[in-house]
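See structure below.
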Amino acid sequence: MGRVGTDESGKTGNHPDRSSREWCEEALTRLNAGRPESALDAARRAADLDPGSEWAHRLISLAHERLGREAEAVPAAERAVELARGSWQARLRLAAVLRRAPGRWAEAVEQAELARKFAPEEAGPEIMLGDLALLRGDHARAEHSYRAALAIDPEAPQARVNLGLALLRWDRPRPHHDPAWPVDPRETGRARRALEVWSRQVRLLLAVATLGIAACALLLDRGAEARLAGCAVLLLLVPLTVRQARRVGVWPYAGAMLGRDPWLGVSVVSAALSVVAFAAWLLLGAVRVLPPSFDPVWAGLAGIVVLGWPALAAVRALAESWRGRPLRALAVTEPARESERTARRNAGVALWIVLGRTWSVLVAVVAGALVVEPRAAVAAVAVPYPVVRGYLRARRRGHQRGDPWLAAATWLVVPAAVACAAGGLLGAAEGLFGTAGGARWSQAPSEAWSGAWSGAWAWRIGLGALAAAALVFLLRGLQAWWRGGPGPWRSSLLMCDLPVGAGPSVALDPEVRQTFSYARSIVLSYGDALGPRVAGAVASVTSSGELRLIAETAAWAAIEEDPRVAVFATDPLQRRFWVEVRGVARADSDVLRVTPKQVLFGEFPGRHQRR
């Protein structure tokens, strides 16, 4: 039966004479075209023709991963490593699939480190190590690995995009879960949902009970009866807590989950504090140990504001806007924006983060000027400089033309800063807000009135522009929510995850195989602490394209430290022909398996070329 392939027009056809490598090339072409199912078929055909092709098994693993079948991608990647133990691409492919397998995170890191040891001149292993650190929330280590990758390949888009995420202190998809834990992420996910539901129910129930008790005490003069109802609410929390506690099946990890996800911890702690505060509020209302001038009812209402969702949401929004270094993230991501869509998206979110910082600083400066010294508002002029500079830089490169909301919000903070500074310089804050003692002007009364009127309008314009910028942000968020697209917040940041381990393996030509089959003397070159060393060896070539060497035992310890070797041989049948295979050697029983990385060959000069 003939095998099915694709011709140049994209239609299927019979290609019975295709080799295994040709099917691998076809599978890679289909993967790059976004056809993983078809690529999987081609890679399987390649593996059927040559079961020893580690490239075919790597492509099978990659196709399964593209199809969302992580569990099926692992065996193919492990088979590729078995076939070529010194292949850095096979190690990298295995690391990529193991990072999604529960309980195998340490193996993924080990495989990535081996890939870096086998190919320190490649940026891929450093990028994988950075991705592993980033997914675990270790931003400092991720930044170090990405910078090492960029030192090798300054144009690597994945390193640039993900370095920007590390600088932004990106929140991974499951911030509560440590990938190194030997537990399924779904179990910790269920525990997280149970803790969130308990926290939400407790705070909502206590807030409603507090409002009801306060209303009965203030409006109906039924405070004692309302407090009894409040005790019943406390009793109601017991079955609610027990029910959610049963859903937390991983209690040994609960404390670590709260530490890894600080906002989950804040939510749970605030709910626990709400219970304590509510019980203390009921007790103070019944015992009356406080002076009569202090009404505990208002203390309960204040507790709702402090421990309730609006306050926590405001604190979180402010904290999120001040995490990381967005300007540096924009600078390192800049070269990748033209080639990577994820880079453009993350750059837009970073500009929104800078804009949020600018807005919060302007609000703080204006509030301080109004309270302390109006003329201090002149400092507001310099506040919008970073966000305007970043936006103009992105605009010149044509990356932010599709977000008019960002343009509107950016150019609203500029007149806000200028107007507030003008209001402070005109000294109109005293007249506008009725400062005690009245305005004391050195000018004539008409000039003083005119300055106060102009300053008042300047303040109003500035405050109005600040409010309008906040409204633009809210409208942009509503648009994103309605359309289901990315919004102007951190959760819209994406990690760049390009396919790894798809490159072709190094094939040995028939002439090279013949040379090692008939060579009378083979030289193994390796390095140790004292420098390069050479040793005689006996070699054979396997069907999968690996060299198997028998060498002196003194070389084994040095090769364990630095597995990069070179094997040199000459063909006795064609005396001028020589071959050098550079690759990675791994010990396997009583032989060294060398996976080729580069093959060099040529001819010795003849007599007529001698000098």
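The values are calculated or read from the model by the stated rules, or taken from the named source; none is laboratory data. Everything numeric in this text was worked out from a predicted model, so none of it was measured. As a convention, Cβ positions derive from the backbone with ideal geometry for all residues, glycine included, and neighbour counts pool all protein chains shown. What goes into the accessible areas is simple: the full protein's heavy atoms, side chains included, and nothing from ligands, DNA or RNA. Shrake-Rupley method; radii C 1.70, N 1.55, O 1.52, S 1.80 Å.
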If you roll a 1.4 Å probe over region 105-185 with all protein chains in place, what percent of the accessible area is carbon or sulfur?
-> 48 percent
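By how many nm would the segment from SER19 to GLU561 grow when fully extended, if each residue of separation counts as 0.36 nm and the alpha-carbon distance is taken off? Could the numbers behind the result be given before it?
Details: separation 542, 0.36 × 542 = 195.12 nm, distance 3.70 nm.
Fully extending the segment from SER19 to GLU561 adds 191.4 nm.
Of the listed peptides 37-47, 322-332, what is their order by residue-averaged count of other C-beta atoms within 10 Å, with the highest listed first? Present the calculation step by step, with values, prior to reporting the outcome.
Working: 37-47: 22.3, 322-332: 18.8.
So the order, starting with the most tightly packed, is 37-47, 322-332.
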Average accessible surface area per residue within region 121-227, 1.4 Å rolling probe, Å² = 44 Å²
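How much accessible area per residue does region 500-540 have, counting only protein heavy atoms and a probe of 1.4 Å, in square angstrom? Don't skip to the answer; put the middle values down first.
Working: 2270 Å² over 41 residues.
With the other protein chains kept in place, region 500-540 gives 55 Å² per residue.
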Applying 1/(1 + (r/R0)^6) with R0 = 22 Å to the Cβ-Cβ distance of VAL534 and GLU511, what FRET efficiency is obtained, to the nearest 0.05?
-> 0.40
Two-site label geometry, THR241 and THR542: point separation in nm, points 7 Å out along Cα→Cβ = 6.1 nm
Charge dipole of region 83-190 built from unit charges on the beta carbon (Lys, Arg +1; Asp, Glu -1), centred at mean Cα; most positive-end Cα among VAL97, ALA148, LEU129 is VAL97
For the peptides 266-275, 577-586, what is the packing order when you average, over each peptide's residues, the other Cβ atoms within 10 Å and list the highest mean first?
-> 577-586, 266-275
Once phi for every residue in region 37-45 is put through the Karplus expression 6.51 cos²θ - 1.76 cosθ + 1.60 (θ = phi - 60°), the whole-Hz ³J(HN,Hα) values, with Gly and Pro written as x, are 5, 5, 5, 4, 5, 5, 5, 5, 5
If amide H atoms are modeled at 1.01 Å from N in the peptide plane, then the residues at a separation of 5 or more from ASP528, or on another chain, having amide H under 5 Å from its own are ARG533
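Using a Förster radius of 60 Å, what is the FRET efficiency between ARG69 and ALA229 based on their Cβ-Cβ separation? Nearest 0.05, please. Walk me through the numbers on the way to the answer.
On the way: r = 55 Å, r/R0 = 0.92.
My answer for the efficiency is 0.60.
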Taking the simple approach of a point 7 Å from Cα along Cα-to-Cβ for both ALA468 and GLU37, what is their distance in nm?
-> 5.2 nm
LEU220 and PHE601 label points (each 7 Å along its Cα→Cβ direction) are spaced in nm at 9.6 nm
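How high is the FRET efficiency from VAL381 to SER491, r the C-beta distance, R0 45 Å, rounded to 0.05?
Calculated value: 0.85.
Place the peptides 55-61, 591-597, 132-138, 346-352 in order of packing, highest mean first, counting for every residue the other Cβ atoms within 10 Å and averaging per peptide.
Going from most to least packed, we get 55-61, 346-352, 591-597, 132-138.
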What's the extension gain from ARG147 to VAL276 if we count 0.36 nm per residue and subtract their Cα-Cα distance?
-> 41.6 nm
Expected vector for region 150-157, Karplus 3J(HN,Hα) from phi with 6.51, -1.76, 1.60 and θ = phi - 60°, integer Hz, x for Gly and Pro, equals 5, 5, 7, 9, x, 9, 5, x
Cut-off under 5 Å, modelled amide H: who pairs with ASP562 long-range = none
